[in-house]
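Please read the structure below before turning to the comments.
Every number here is computed from the coordinates shown, using simple stated rules; none is lab data. Values in this document were obtained by computation on a predicted structure and should not be read as measured data. All Cβ positions, even for glycine, are placed from backbone atoms using ideal geometry, and neighbour counts span all protein chains on display.
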Amino acid sequence: MDSSVKKRSKKAGLSPGTLIHVGRAYAESSRVTVTRYDAASVAEKEIRTPDELSAEREQPGICWINVDGLQEVRLLEEIGALFGLHPLILEDILNTDQRPKAEDFGDYLFIVLKNISTSADRGLQVEQVSIILGKDFVLSFQEKESALFDPLRERLRAAKGRVRRAGADYLAHHLLDAVVDQYFVVLENIEQKIERLEDDLVLHTTPAKLQEIHHLKKELIVLRKSLWPLREAIALLQRSDSPLITDSDLIYFKDISDHIIAVIDTVDTFRDMLAGMLDIYLSSASIKLNQVMKVLTIIATIFMPLTFLAGIYGMNFQYMPGLDWPWSFFVMWGVMLTIALGMLMLFRRRKWI
């Protein structure tokens, strides 16, 4: 969560019934939109004042309130008072380090999950999304404004499918499904990186490739930490006997669960692939090191007898055989070259080089 938000929530206290009131209009950093619809019509409105929010609550139809930005603590207090939310729920919404979960409070269901996106310049981005499902309303809270739910808004405007005819639980399913579908986009991006890295790794083993492998492993860990608790949360919704989710819509939550399982399986596959690539990197590095050591060993082996001869004839004795012979220097060079060439031929015949 942004440091300013943490300071604001800490200053506010955020214990039961102790949220602050500041100003008359919502801060520009928090954007509140209301989408109200039924089978016949849909209306969208951006909320600016508390009175507008209260008036929208009294209107008929399914009410979807989406909040982009969590900087305005007073806004959460008013939404909580309007819909009868427990103050601890408001704390969980503001504390964006929450573990994905689902909780049944009787009159409403509270769901927390992580929206994960990726970009070329910033890498993996994790944002908490909180969803509250009531009898005739759905509340969604995002850390910042995004286009995550824009396709759902287009479906509502165009009256595609049964979203306008169904209840609030079907709308909540679409919100959850939009977040889970985003995981497939992230996985596709990671898959492209793995394929490119795998091709490069065979040809070029560099420390930069090792850093990229570790970076991808960290991204998969983030995905896994977000998916496993979410799988449990969706399973809890499936097992729940809450009247907020109709029997006819339970199958849609099962579909989300199937998607999560598919993503988890893909993440596990990618982790195995990265482990194999790490083995390939270590093996390639070991092979290169062995090749270097082999060349150095061959050079040292060739020069060992030459160094031996040079050491003998480099001793400062007065009487040594061959010192007075005019051709001794050239004979010694010939002997050394013969030894060196003979050893090279022997190594090549044995396929050591």
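Remarks
- Cα radius of gyration and Dmax for the range 313-353 (Å): 14.9, 44
- For the chain, the membrane-span-like helices by this rule, meaning whole DSSP H stretches whose C-alpha atoms cover at least 24 Å of axis and whose Kyte-Doolittle mean is -0.5 or above, are 168-203, 207-239, 250-312, 328-349; this says nothing about an actual membrane.
- A full extension of the chain between GLU232 and LYS135 corresponds to an added length of 32.6 nm, given 0.36 nm per residue minus the alpha carbon distance.
- Cα convex hull of the range 87-126, projected area averaged across orientations, nm²: 3.3 nm²
- Matching label, volume of the Cα convex hull per residue in Å³ computed from the structure shown, candidates [x] 219; [y] 199; [z] 136: [x]
- Taking every alpha-carbon pair within the range 215-265, the share separated by more than 19 Å comes to 35 percent.
- Among the listed pairs LYS101/LYS225; LYS114/LYS135; LYS114/LYS218; LYS288/LYS351; LYS101/LYS160, those beyond 20 Å (Cα-Cα): LYS114/LYS135; LYS101/LYS160
- Taking LEU250, LEU187, LEU171 and counting other C-beta atoms within 10 Å, the order from fewest to most: LEU250, LEU187, LEU171
- Short to long, the 5 Å bins of the Cα pair-distance histogram for the range 104-198 hold 2, 11, 20, 21, 17, 13, 8, 5, 2, 1, 0 percent of all pairs.
- Where only DSSP H runs of four or more residues are counted, the chain gives -20000 deg cm²/dmol as its mean residue ellipticity at 222 nm, each run worth -39500 (n - 2.57).
- The chain - share of DSSP beta bridges that are antiparallel (%, nearest 5): 85 percent
- Options HIS173, VAL163, PHE149, ranked by Cα towards positive dipole end of the range 125-187, top entry (Cβ charges): VAL163
- Ranked ILE245, ILE261, criterion: other C-beta atoms within 10 Å, fewest first: ILE261, ILE245
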